[in-house]
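Read through the structure below, which is laid out as C-alpha coordinates, and then see the notes.
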Amino acid sequence: MATQEAAECTSSAAQSDGSVESASVGNTYVGTSGYVYAHWRQGAFYPTGTKQAKELEYYSGRLSAVEVNATYHGLQTVETLRKWQTNARRGFKFVLKAHQDITHRSRLHNVDSLWQVFVDRAVDGLGDALGPCLVQLPPSFARTPQTMADLQTFLALPRRGLRLAFEFRHRSWYTEEVYAMMSTHNACIVDNVSPDGTTLRCERITADFGYTRMHKRLKPDGGPDTTNYTAELLTPLLPTLMAQRQNGKDHYVFFMNDLNAHGPHNGVELQRLLAAQLKAEGREAEPALVTNWHPLSRETQKGALKRMFKQAHGRPSTAGTAGAAGTAGAPLSSASVCDATAATTAHRSVSAMLPVSSKQASERGSSHGGSPRSKAPKRGQPSIQSFFKK
(Lines give C-alpha, C1' and ligand atoms only; values in the text may rest on other atoms or scores of the structure.)
Protein backbone atom coordinates (compact mmCIF):
# COMPACT_ATOMS: atom_id res chain seq x y z
CA MET A 1 0.00 0.00 0.00
CA ALA A 2 1.12 3.56 -0.53
CA THR A 3 3.52 5.17 1.91
CA GLN A 4 2.79 8.21 4.02
CA GLU A 5 5.26 10.33 2.06
CA ALA A 6 2.83 10.38 -0.87
CA ALA A 7 -0.03 11.71 1.19
CA GLU A 8 0.35 15.36 0.28
CA CYS A 9 0.32 15.47 -3.49
CA THR A 10 -2.64 17.76 -3.07
CA SER A 11 -0.72 20.85 -2.04
CA SER A 12 1.50 23.13 -4.09
CA ALA A 13 3.96 20.92 -5.93
CA ALA A 14 7.67 21.76 -5.85
CA GLN A 15 9.73 21.82 -9.02
CA SER A 16 12.85 19.67 -9.31
CA ASP A 17 15.00 22.76 -8.69
CA GLY A 18 13.26 23.38 -5.34
CA SER A 19 11.04 26.22 -6.45
CA VAL A 20 7.29 26.16 -5.93
CA GLU A 21 4.76 26.00 -8.72
CA SER A 22 2.65 29.01 -9.55
CA ALA A 23 -0.51 29.51 -7.52
CA SER A 24 -2.40 29.13 -10.79
CA VAL A 25 -1.82 25.37 -10.61
CA GLY A 26 -4.84 23.60 -9.13
CA ASN A 27 -4.77 21.17 -6.23
CA THR A 28 -6.17 17.66 -5.98
CA TYR A 29 -7.88 16.94 -2.67
CA VAL A 30 -8.47 13.29 -1.81
CA GLY A 31 -10.46 11.81 1.06
CA THR A 32 -13.44 9.73 2.13
CA SER A 33 -17.07 10.30 3.01
CA GLY A 34 -16.80 10.53 6.79
CA TYR A 35 -13.86 9.35 8.85
CA VAL A 36 -15.36 8.02 12.13
CA TYR A 37 -15.87 4.28 11.64
CA ALA A 38 -15.40 1.58 14.27
CA HIS A 39 -14.21 -0.86 11.61
CA TRP A 40 -11.33 1.45 10.66
CA ARG A 41 -9.78 1.04 14.10
CA GLN A 42 -7.45 -1.54 15.63
CA GLY A 43 -4.99 -1.33 12.76
CA ALA A 44 -7.42 -1.47 9.84
CA PHE A 45 -6.61 2.21 9.12
CA TYR A 46 -6.11 3.87 12.49
CA PRO A 47 -3.20 2.38 14.46
CA THR A 48 -4.15 0.27 17.45
CA GLY A 49 -4.45 2.48 20.50
CA THR A 50 -5.47 5.62 18.64
CA LYS A 51 -8.03 7.55 20.66
CA GLN A 52 -11.14 8.71 18.81
CA ALA A 53 -10.25 12.30 19.69
CA LYS A 54 -7.01 11.85 17.72
CA GLU A 55 -8.50 10.23 14.63
CA LEU A 56 -8.95 13.48 12.74
CA GLU A 57 -5.32 14.39 13.39
CA TYR A 58 -4.17 11.02 12.06
CA TYR A 59 -6.57 11.10 9.10
CA SER A 60 -5.57 14.62 8.06
CA GLY A 61 -1.92 13.57 7.99
CA ARG A 62 -2.63 10.96 5.33
CA LEU A 63 -5.54 12.35 3.33
CA SER A 64 -6.18 15.96 2.38
CA ALA A 65 -9.96 16.37 2.71
CA VAL A 66 -13.07 14.83 4.20
CA GLU A 67 -16.69 14.92 3.11
CA VAL A 68 -18.70 15.65 6.27
CA ASN A 69 -22.07 13.92 6.51
CA ALA A 70 -22.92 15.23 9.98
CA THR A 71 -23.96 18.62 8.59
CA TYR A 72 -26.72 16.90 6.61
CA HIS A 73 -28.30 15.68 9.86
CA GLY A 74 -27.60 18.63 12.16
CA LEU A 75 -26.26 22.16 12.09
CA GLN A 76 -22.98 22.43 13.99
CA THR A 77 -22.07 25.55 15.93
CA VAL A 78 -19.27 27.86 14.86
CA GLU A 79 -17.30 26.73 17.91
CA THR A 80 -17.56 23.07 16.89
CA LEU A 81 -16.40 23.81 13.36
CA ARG A 82 -13.44 25.77 14.70
CA LYS A 83 -12.43 22.77 16.82
CA TRP A 84 -12.45 20.62 13.68
CA GLN A 85 -10.17 23.10 11.97
CA THR A 86 -7.83 23.18 14.97
CA ASN A 87 -7.58 19.39 15.14
CA ALA A 88 -6.71 18.99 11.45
CA ARG A 89 -3.39 19.80 9.86
CA ARG A 90 -2.79 23.01 7.93
CA GLY A 91 -4.08 22.87 4.34
CA PHE A 92 -6.75 20.25 5.09
CA LYS A 93 -10.22 20.84 3.61
CA PHE A 94 -13.67 20.11 5.04
CA VAL A 95 -16.47 19.58 2.53
CA LEU A 96 -19.85 20.02 4.22
CA LYS A 97 -22.99 18.31 2.99
CA ALA A 98 -25.96 20.70 2.85
CA HIS A 99 -28.58 20.14 5.55
CA GLN A 100 -31.51 17.88 4.67
CA ASP A 101 -34.02 20.68 5.38
CA ILE A 102 -32.53 22.49 2.39
CA THR A 103 -32.14 19.58 -0.03
CA HIS A 104 -34.71 16.94 0.91
CA ARG A 105 -37.50 18.56 2.90
CA SER A 106 -37.68 21.94 1.21
CA ARG A 107 -36.08 20.68 -2.02
CA LEU A 108 -34.37 24.06 -2.61
CA HIS A 109 -37.71 25.88 -2.47
CA ASN A 110 -37.88 29.00 -0.28
CA VAL A 111 -34.76 28.18 1.73
CA ASP A 112 -33.22 31.66 1.94
CA SER A 113 -33.03 31.89 5.74
CA LEU A 114 -32.00 28.26 6.22
CA TRP A 115 -29.24 28.60 3.65
CA GLN A 116 -27.91 31.84 5.13
CA VAL A 117 -27.50 30.27 8.57
CA PHE A 118 -25.73 27.27 7.04
CA VAL A 119 -23.35 29.45 5.00
CA ASP A 120 -22.54 31.85 7.82
CA ARG A 121 -21.67 29.08 10.27
CA ALA A 122 -19.61 27.19 7.68
CA VAL A 123 -17.57 30.22 6.60
CA ASP A 124 -17.15 31.68 10.09
CA GLY A 125 -16.28 28.33 11.62
CA LEU A 126 -13.87 26.86 9.09
CA GLY A 127 -12.39 29.84 7.27
CA ASP A 128 -9.78 28.77 4.72
CA ALA A 129 -10.23 25.11 5.76
CA LEU A 130 -13.67 25.15 4.13
CA GLY A 131 -13.95 23.33 0.83
CA PRO A 132 -17.05 23.27 -1.38
CA CYS A 133 -20.54 22.42 -0.15
CA LEU A 134 -22.05 19.18 -1.43
CA VAL A 135 -25.69 19.76 -2.39
CA GLN A 136 -26.95 16.18 -2.64
CA LEU A 137 -30.48 16.06 -4.01
CA PRO A 138 -32.90 13.11 -3.63
CA PRO A 139 -33.41 10.66 -6.52
CA SER A 140 -37.03 11.81 -6.78
CA PHE A 141 -35.95 15.39 -7.45
CA ALA A 142 -36.59 15.50 -11.21
CA ARG A 143 -36.21 18.42 -13.57
CA THR A 144 -39.49 20.31 -14.05
CA PRO A 145 -40.24 24.01 -14.70
CA GLN A 146 -40.76 24.46 -10.95
CA THR A 147 -37.58 22.70 -9.84
CA MET A 148 -35.60 24.54 -12.51
CA ALA A 149 -36.92 27.83 -11.14
CA ASP A 150 -36.06 26.76 -7.58
CA LEU A 151 -32.55 25.80 -8.64
CA GLN A 152 -32.08 29.12 -10.41
CA THR A 153 -33.20 31.01 -7.29
CA PHE A 154 -30.99 28.90 -5.04
CA LEU A 155 -27.91 29.47 -7.19
CA ALA A 156 -28.44 33.21 -6.93
CA LEU A 157 -28.50 33.23 -3.10
CA PRO A 158 -25.52 34.84 -1.33
CA ARG A 159 -22.89 32.29 -0.32
CA ARG A 160 -19.83 34.33 0.69
CA GLY A 161 -17.57 32.65 -1.83
CA LEU A 162 -18.64 29.12 -0.90
CA ARG A 163 -18.28 26.74 -3.85
CA LEU A 164 -21.22 24.47 -4.68
CA ALA A 165 -21.11 20.89 -5.98
CA PHE A 166 -24.49 19.44 -6.98
CA GLU A 167 -25.15 15.72 -6.99
CA PHE A 168 -28.17 15.23 -9.21
CA ARG A 169 -29.51 11.70 -8.82
CA HIS A 170 -32.20 11.92 -11.50
CA ARG A 171 -31.22 11.58 -15.16
CA SER A 172 -33.43 14.48 -16.26
CA TRP A 173 -30.86 17.00 -15.01
CA TYR A 174 -28.13 16.05 -17.44
CA THR A 175 -28.99 18.51 -20.21
CA GLU A 176 -27.29 21.40 -21.97
CA GLU A 177 -29.73 23.84 -20.38
CA VAL A 178 -28.68 22.73 -16.89
CA TYR A 179 -24.98 22.76 -17.81
CA ALA A 180 -25.32 26.35 -19.01
CA MET A 181 -27.11 27.41 -15.81
CA MET A 182 -24.45 25.80 -13.65
CA SER A 183 -21.63 27.41 -15.64
CA THR A 184 -23.22 30.82 -15.25
CA HIS A 185 -23.09 30.46 -11.47
CA ASN A 186 -19.74 28.62 -11.32
CA ALA A 187 -21.39 25.53 -9.79
CA CYS A 188 -20.06 22.02 -10.28
CA ILE A 189 -21.94 18.82 -11.14
CA VAL A 190 -20.62 15.77 -9.28
CA ASP A 191 -19.17 12.96 -11.37
CA ASN A 192 -20.22 9.64 -9.81
CA VAL A 193 -17.92 6.71 -10.53
CA SER A 194 -18.49 3.02 -9.80
CA PRO A 195 -16.68 -0.13 -10.95
CA ASP A 196 -19.86 -1.57 -12.48
CA GLY A 197 -20.96 1.63 -14.24
CA THR A 198 -24.27 1.88 -12.37
CA THR A 199 -23.87 5.51 -11.29
CA LEU A 200 -24.71 8.71 -13.19
CA ARG A 201 -21.52 10.05 -14.75
CA CYS A 202 -20.95 13.72 -15.58
CA GLU A 203 -17.51 14.61 -16.88
CA ARG A 204 -18.69 18.02 -18.03
CA ILE A 205 -16.73 20.81 -16.33
CA THR A 206 -19.08 23.66 -15.35
CA ALA A 207 -17.03 25.38 -12.62
CA ASP A 208 -13.52 26.35 -11.62
CA PHE A 209 -13.22 23.06 -9.72
CA GLY A 210 -14.21 19.41 -10.13
CA TYR A 211 -15.80 16.88 -7.79
CA THR A 212 -15.74 13.07 -8.08
CA ARG A 213 -17.38 10.50 -5.79
CA MET A 214 -16.12 6.91 -5.95
CA HIS A 215 -19.01 4.56 -5.17
CA LYS A 216 -19.34 0.88 -4.37
CA ARG A 217 -20.70 -1.74 -6.74
CA LEU A 218 -24.39 -2.56 -6.58
CA LYS A 219 -24.80 -6.19 -5.58
CA PRO A 220 -27.79 -8.06 -7.07
CA ASP A 221 -28.63 -9.57 -3.68
CA GLY A 222 -28.59 -6.16 -2.01
CA GLY A 223 -25.91 -7.24 0.46
CA PRO A 224 -22.87 -5.24 1.54
CA ASP A 225 -20.14 -4.79 -1.02
CA THR A 226 -16.43 -4.53 -0.30
CA THR A 227 -15.39 -2.60 -3.40
CA ASN A 228 -11.65 -2.05 -3.51
CA TYR A 229 -10.25 0.42 -6.05
CA THR A 230 -6.96 -1.03 -7.21
CA ALA A 231 -4.28 0.94 -9.05
CA GLU A 232 -5.71 -0.45 -12.28
CA LEU A 233 -9.11 1.09 -11.52
CA LEU A 234 -7.65 4.38 -10.29
CA THR A 235 -5.23 5.05 -13.13
CA PRO A 236 -7.96 6.16 -15.61
CA LEU A 237 -8.66 9.11 -13.29
CA LEU A 238 -5.17 10.55 -13.63
CA PRO A 239 -5.52 12.33 -17.01
CA THR A 240 -8.55 14.31 -15.76
CA LEU A 241 -6.92 15.18 -12.44
CA MET A 242 -3.66 16.23 -14.07
CA ALA A 243 -5.51 18.33 -16.65
CA GLN A 244 -7.45 20.07 -13.87
CA ARG A 245 -4.20 20.92 -12.10
CA GLN A 246 -2.65 22.32 -15.27
CA ASN A 247 -5.75 24.41 -15.93
CA GLY A 248 -5.58 25.91 -12.44
CA LYS A 249 -8.66 24.07 -11.21
CA ASP A 250 -8.94 22.21 -7.92
CA HIS A 251 -10.47 18.75 -7.92
CA TYR A 252 -12.00 16.82 -5.02
CA VAL A 253 -12.15 13.01 -4.97
CA PHE A 254 -14.00 11.13 -2.22
CA PHE A 255 -14.32 7.39 -1.68
CA MET A 256 -17.59 5.87 -0.44
CA ASN A 257 -16.30 2.30 0.11
CA ASP A 258 -15.83 2.31 3.87
CA LEU A 259 -16.05 -1.46 4.42
CA ASN A 260 -12.74 -3.13 5.32
CA ALA A 261 -11.24 0.39 5.41
CA HIS A 262 -10.79 0.21 1.64
CA GLY A 263 -11.81 3.85 1.20
CA PRO A 264 -8.93 5.54 3.06
CA HIS A 265 -6.38 3.12 1.67
CA ASN A 266 -7.66 3.69 -1.85
CA GLY A 267 -7.37 7.43 -1.26
CA VAL A 268 -3.75 7.06 -0.17
CA GLU A 269 -3.08 4.92 -3.24
CA LEU A 270 -4.58 7.56 -5.54
CA GLN A 271 -2.31 10.15 -3.96
CA ARG A 272 0.67 7.88 -4.55
CA LEU A 273 -0.24 7.55 -8.21
CA LEU A 274 -0.62 11.32 -8.53
CA ALA A 275 2.73 11.90 -6.81
CA ALA A 276 4.41 9.46 -9.20
CA GLN A 277 2.84 11.25 -12.17
CA LEU A 278 4.02 14.63 -10.88
CA LYS A 279 7.53 13.27 -10.38
CA ALA A 280 7.56 11.87 -13.90
CA GLU A 281 6.73 15.35 -15.20
CA GLY A 282 9.52 16.97 -13.19
CA ARG A 283 7.51 18.09 -10.18
CA GLU A 284 7.64 16.71 -6.66
CA ALA A 285 4.68 16.59 -4.30
CA GLU A 286 5.03 18.38 -0.99
CA PRO A 287 5.69 15.82 1.79
CA ALA A 288 3.06 15.09 4.42
CA LEU A 289 3.03 17.61 7.26
CA VAL A 290 2.32 14.92 9.87
CA THR A 291 5.24 12.52 9.48
CA ASN A 292 5.95 11.11 12.93
CA TRP A 293 2.55 10.94 14.56
CA HIS A 294 2.17 8.16 17.11
CA PRO A 295 -0.88 7.49 19.30
CA LEU A 296 -0.16 8.02 22.99
CA SER A 297 -2.65 6.28 25.22
CA ARG A 298 -3.93 7.76 28.47
CA GLU A 299 -2.15 5.00 30.42
CA THR A 300 1.17 5.77 28.73
CA GLN A 301 0.82 9.47 29.52
CA LYS A 302 -0.07 8.71 33.14
CA GLY A 303 2.97 6.47 33.50
CA ALA A 304 5.26 9.13 32.03
CA LEU A 305 3.93 11.75 34.43
CA LYS A 306 4.47 9.41 37.42
CA ARG A 307 8.08 8.85 36.39
CA MET A 308 8.63 12.62 36.08
CA PHE A 309 7.11 13.20 39.51
CA LYS A 310 9.32 10.57 41.16
CA GLN A 311 12.43 11.87 39.44
CA ALA A 312 11.62 15.43 40.50
CA HIS A 313 11.56 14.31 44.13
CA GLY A 314 14.68 12.16 43.89
CA ARG A 315 12.80 8.85 43.90
CA PRO A 316 13.94 6.03 41.63
CA SER A 317 11.55 5.12 38.85
CA THR A 318 10.16 1.61 38.71
CA ALA A 319 9.84 1.81 34.95
CA GLY A 320 12.14 -0.40 32.98
CA THR A 321 12.83 2.23 30.37
CA ALA A 322 13.69 5.90 30.46
CA GLY A 323 10.73 8.23 30.92
CA ALA A 324 10.03 11.46 29.14
CA ALA A 325 12.22 13.31 31.68
CA GLY A 326 15.31 11.19 31.05
CA THR A 327 16.95 8.17 32.60
CA ALA A 328 15.28 6.80 35.72
CA GLY A 329 16.65 8.43 38.86
CA ALA A 330 18.38 11.28 37.00
CA PRO A 331 17.88 14.86 38.20
CA LEU A 332 15.06 16.73 36.49
CA SER A 333 16.46 19.36 34.12
CA SER A 334 14.72 22.57 33.03
CA ALA A 335 14.07 20.95 29.67
CA SER A 336 12.42 18.03 31.44
CA VAL A 337 10.20 20.42 33.40
CA CYS A 338 9.05 21.90 30.08
CA ASP A 339 8.41 18.39 28.77
CA ALA A 340 6.42 17.53 31.87
CA THR A 341 4.32 20.68 31.54
CA ALA A 342 3.67 19.97 27.87
CA ALA A 343 2.75 16.36 28.63
CA THR A 344 0.35 17.46 31.38
CA THR A 345 -1.32 19.97 29.04
CA ALA A 346 -1.59 17.38 26.26
CA HIS A 347 -3.02 14.83 28.70
CA ARG A 348 -5.69 17.25 29.92
CA SER A 349 -6.50 18.28 26.36
CA VAL A 350 -6.96 14.70 25.20
CA SER A 351 -8.92 13.77 28.32
CA ALA A 352 -11.31 16.67 27.76
CA MET A 353 -11.98 15.48 24.23
CA LEU A 354 -12.50 11.83 25.09
CA PRO A 355 -16.13 10.63 25.32
CA VAL A 356 -17.15 9.54 28.81
CA SER A 357 -20.17 7.48 27.85
CA SER A 358 -21.43 5.48 24.89
CA LYS A 359 -24.09 8.10 24.27
CA GLN A 360 -21.56 10.92 24.18
CA ALA A 361 -19.27 8.78 22.05
CA SER A 362 -22.07 8.36 19.52
CA GLU A 363 -22.83 12.06 19.53
CA ARG A 364 -19.17 12.98 19.18
CA GLY A 365 -18.72 10.55 16.32
CA SER A 366 -21.60 12.05 14.37
CA SER A 367 -20.14 15.55 14.76
CA HIS A 368 -16.84 14.55 13.21
CA GLY A 369 -17.89 13.40 9.79
CA GLY A 370 -20.04 10.43 10.69
CA SER A 371 -20.92 7.49 8.53
CA PRO A 372 -22.38 7.87 5.05
CA ARG A 373 -24.89 5.23 6.04
CA SER A 374 -26.09 7.16 9.10
CA LYS A 375 -29.85 7.15 9.36
CA ALA A 376 -31.76 10.39 8.85
CA PRO A 377 -33.57 11.83 11.88
CA LYS A 378 -37.02 10.39 12.42
CA ARG A 379 -40.12 12.45 11.83
CA GLY A 380 -40.66 14.81 14.73
CA GLN A 381 -36.98 15.17 15.60
CA PRO A 382 -35.47 18.69 15.63
CA SER A 383 -34.80 20.18 12.21
CA ILE A 384 -32.44 22.96 11.26
CA GLN A 385 -34.84 25.62 12.56
CA SER A 386 -34.30 24.38 16.11
CA PHE A 387 -30.64 25.36 15.88
CA PHE A 388 -31.36 29.00 15.11
CA LYS A 389 -31.75 29.81 18.81
CA LYS A 390 -28.31 28.50 19.68
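The values are calculated or read from the model by the stated rules, or taken from the named source; none is laboratory data. All of these numbers come straight from a predicted model, not from anything done at the bench. For neighbour counting, all protein chains shown are included, and Cβ atoms are generated from backbone atoms with ideal geometry for every residue, glycine included.
Within the stretch 95-108, is there a residue that is over 25 Å from residue 34 (Cβ atoms) and crowded, with 18+ Cβ neighbours inside 10 Å? No, the stretch 95-108 contains no residue that is over 25 Å from residue 34 (Cβ atoms) and crowded, with 18+ Cβ neighbours inside 10 Å.
Can you confirm whether residue 161 is over 15 Å from residue 133 (Cβ atoms), surrounded by fewer than 19 Cβ atoms within 10 Å (Cβ to Cβ), of a type in the set (Gly, Ala, Ser) and assigned by TED's automatic domain parsing to the domain that holds residue 34? No: the conditions fail for residue 161.
Looking only at the stretch 166-208, which residues are farther than 20 Å from residue 152 by Cα and either within 24 Å of the chain's Cα centre (by Cα) or modelled with pLDDT of 95 or more (or both)?
So in the stretch 166-208, the residues farther than 20 Å from residue 152 by Cα come out as 191-201, 203.
Hits for the stretch 166-208 are 191, 192, 193, 194, 195, 199, 200, 201, 203.
Closer than 16 Å to residue 126 by Cβ and either at pLDDT below 95 or not aliphatic (A, V, I, L, M) (or both): does that describe residue 35?
Details: closer than 16 Å to residue 126 by Cβ: yes; either at pLDDT below 95 or not aliphatic (A, V, I, L, M) (or both): yes.
Considered against the rule, which asks whether it is closer than 16 Å to residue 126 by Cβ and either at pLDDT below 95 or not aliphatic (A, V, I, L, M) (or both), residue 35 comes out as yes.
Scanning the stretch 136-148 for residues that are assigned to a helix (DSSP H, G or I) and under 20 Å from residue 207 (Cα atoms) yields a total of 1. Does any residue of the stretch 128-135 turn out to be part of a helix (DSSP H, G or I), touching a Ser or Thr at 6+ places or on another chain (Cβ under 7 Å), of a type in the set (Val, Ile, Thr) and at pLDDT 95 or above? Among the residues of the stretch 128-135, not one is part of a helix (DSSP H, G or I), touching a Ser or Thr at 6+ places or on another chain (Cβ under 7 Å), of a type in the set (Val, Ile, Thr) and at pLDDT 95 or above, which makes the answer no. Listed here are the strands (runs of 3 or more DSSP E) enclosed by the stretch 185-261 that have at least 3 residues being free of Cβ contacts under 8 Å to residues at least 60 places away in the same chain: 191-193, 209-214.
Give me the strands (runs of 3 or more DSSP E) completely within the stretch 28-101, filtered to those with at least 2 residues that are assigned by TED's automatic domain parsing to the domain that holds residue 123 and hydroxyl-bearing (Ser, Thr, Tyr), ordered by residue number. Quick ask: steps written out before the conclusion?
Details: elements: 28-33, 65-68, 93-97.
Output list reads 28-33.
Can you tell me which of 107, 62 is on the phi > 0 side of the Ramachandran plot and in contact with a Pro (Cβ under 9 Å, 6 or more places away or on another chain)? Sole residue among the options that is on the phi > 0 side of the Ramachandran plot and in contact with a Pro (Cβ under 9 Å, 6 or more places away or on another chain): 107.
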